[in-house]
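Have a look at the structure below, then the notes.
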Amino acid sequence: MSAFLSHFSFHEFISSFMVLFAVIDITGSIPVILSLKKKGKKVSSFKASLLAFLIFMIFFYVGEAFLNLFGVDLSSFAVAGSLIIFVIAMEMILDIEIFKDSPESPKDATFVPIVFPLIAGAGALTTMLSIRAQFADINILLAIICNMFIVFFVLKLTKKIDRFLGAGIIYMLQKFFGIILLAISVKLFTTNLTFMIDNINHMFKG
């Protein structure tokens, strides 16, 4: 334990925290959360932050091995996540409903789409795995924990944020962050699809 803690670096912790904060972008997801709540969906701030933390921990230690069990690589996982983000973004921008509710659909939206793909999505998970090559584990783990506290408080205060900003500003933010989400989904899709195509080309050439 002492050897583990000895690798703590404030600089690495801040760097890890900022990278993950930017990718998770929980503040940018506020319009999505409010939109879900207005549709009657339930979002538990504690459950969402806890589930997201557990997913981060699982992927931190056994992420690639877990995906390999199903024959799925990180690029394929990222592409799948990008498609879900794309659909959510289109709903926000065009004021349409693609994810139709059925009588059997759960009213709890905590896991999908809040935990995945908005918080612990393909982008955040692949980013977390990639920065392990740059920073010590203790610094990344602390950065994840701090980000989950922020997730908890933002989810807890969404109604107050809604009242403070007003319907008009929330509507504009929904459009703005819808475009941001769309851009993120396109970047995730193109980057990882290119990577997948390159791998396939190498396999055939080999």
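Would you check which residues across region 88-101 are more than 17 Å from K38 (Cα to Cα) and either modelled with pLDDT under 80 or part of a loop (DSSP other than H, G, I, E, B) (or both) and list them? Within region 88-101, no residue meets the criteria. Of all the listed residues (F8, F60), the sole one being assigned to a helix (DSSP H, G or I) and either hydrophobic (A, V, I, L, M, F, W, C) or closer than 20 Å to A124 by Cα (or both) is F60. The lone criterion from (1) at pLDDT below 90; (2) more than 15 Å from F116 (Cα to Cα); (3) small (G, A, S) left unmet by S82 is number (2).
Assessment of region 46-55 against the conditions (crowded, with 16+ Cβ neighbours inside 10 Å, of a type in the set (F, W, Y), modelled with pLDDT of 85 or more and closer than 15 Å to L129 by Cα) yields at least one matching residue. Scanning for something under 18 Å from the mean Cα position of the chain (by Cα), under 21 Å from K37 (Cβ atoms), of a type in the set (S, T, N, Q) and at pLDDT below 90, does region 146-161 turn up at least one residue? The answer is yes, given that some residue of region 146-161 is under 18 Å from the mean Cα position of the chain (by Cα), under 21 Å from K37 (Cβ atoms), of a type in the set (S, T, N, Q) and at pLDDT below 90.
Can you confirm whether region 37-46 contains a residue that is of a type in the set (D, E, K, R) and touching a Lys or Arg at 6+ places or on another chain (Cβ under 7 Å)? Yes: one or more hits.
For region 154-169, a tally of residues being in contact (Cβ under 8 Å) with a residue 40 or more places away in the chain and hydrophobic (A, V, I, L, M, F, W, C) returns 3.
Assess whether A22 counts as being in a helix (DSSP H, G or I) and in contact with a Gly (Cβ under 6 Å, 6 or more places away or on another chain). No; evaluated as a whole, the condition is false for this residue. The residue list I140, I150, I200 contains one member that is surrounded by fewer than 14 Cβ atoms within 10 Å (Cβ to Cβ) and assigned to a helix (DSSP H, G or I), which is I200.
Checked against the criterion of being assigned to a helix (DSSP H, G or I), closer than 23 Å to Y171 by Cβ and touching a residue at least 60 places away in the same chain (Cβ under 8 Å), the candidates K47, K37 yield just one match: K37. Once region 102-126 is narrowed to residues that are of a type in the set (S, T, Y) and surrounded by 18 or more Cβ atoms within 10 Å (Cβ to Cβ), the residue that is modelled with the lowest pLDDT is T126.
Under the condition of being assigned to a helix (DSSP H, G or I) and touching a residue at least 24 places away in the same chain (Cβ under 8 Å), the residues counted in region 127-137 number 5. Checking each residue in region 11-26 for being within 12 Å of the chain's Cα centre (by Cα) and closer than 16 Å to A136 by Cβ picks out only L20.
The values are calculated or read from the model by the stated rules, or taken from the named source; none is laboratory data. From a predicted model like this one, the values you see are computed outputs, not experimental measurements. No Cβ is skipped: glycine too gets one built from the backbone with ideal geometry, and neighbour counts run over all protein chains shown.
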